[in-house]
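The values are calculated or read from the model by the stated rules, or taken from the named source; none is laboratory data. All values reported here derive from a predicted model rather than from experimental measurement. Positions of Cβ are generated from backbone atoms using ideal geometry, with glycine treated the same way; all protein chains shown enter the neighbour counts.
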Amino acid sequence: MTAFILLTACNNINGHKLSVDEINDSVITLTNHYQDTSKFKQAIRLLKDAIRLDSNHIESYKKMVFFEIALGDFNSATQTSTRLIKFKPDSADLYFQRGLFKELINDSLSSKSDFSKAVLLYKLTLDTLDKKSPYWFAYWKNSAACLILTGQGQIIHEFLKQNCKTAFDSSIYDYQVLSKNRNELLQTFRDKYIR
């Protein structure tokens, strides 16, 4: 099956060139729905072919960054995230993600501007989002993490001291994670992403 997929992806026996969507679908099949990590490098090569066919196909970049993260190739993941940001320049999550990747390749200098941009974009989102929305706390937590990573952790730590009076409050505001300083929080992310 794998040989068929690769043969088809490169230019199948009829000389028919696959579309970008067909290549993206073949990547899912090739990797057994993202389960076969031994095929991730091949998947990235196929996605690069898809991007050469259509550099505006956002799904190719999304899949590629997933495989790059899984392989621990944070340098490439940083570059792919930069391309994704061009599609969605108002995405706080993408700036946060790229900042983390930069930290994981020890580029602390430029990561701070990504975290700062993410804080601004999260604030804009939180200002317009109903606090009853299921996304509100997720965005708030990401914003808080970005503030800590920009070196402004004292703002979040003071907020947690004032608002986490019960175990329930502490769980909602993720006290265990967000009470950490910048280096401790970065180590948490390194432990999560670097194996």
Enumeration of residues in the stretch 133-155 that are surrounded by fewer than 24 Cβ atoms within 10 Å (Cβ to Cβ), touching a Phe, Trp or Tyr at 6+ places or on another chain (Cβ under 6 Å) and under 11 Å from Tyr122 (Cα atoms): Tyr139, Asn142, Ser143
Tabulated pairs, the stretch 113-140, first charged (D, E, K, R), second in a helix (DSSP H, G or I) and loosely packed, with under 12 Cβ neighbours inside 10 Å, C-beta under 7 angstrom, 6+ apart or interchain: none
Some residue of the stretch 38-58 being hydroxyl-bearing (Ser, Thr, Tyr), within 20 Å of Arg195 (Cβ to Cβ), over 17 Å from the mean Cα position of the chain (by Cα) and modelled with pLDDT of 95 or more: yes
Helices (runs of 4 or more DSSP H) wholly inside the stretch 79-195 that include at least 3 residues being of a type in the set (S, T, N, Q): 108-128, 153-163, 182-193
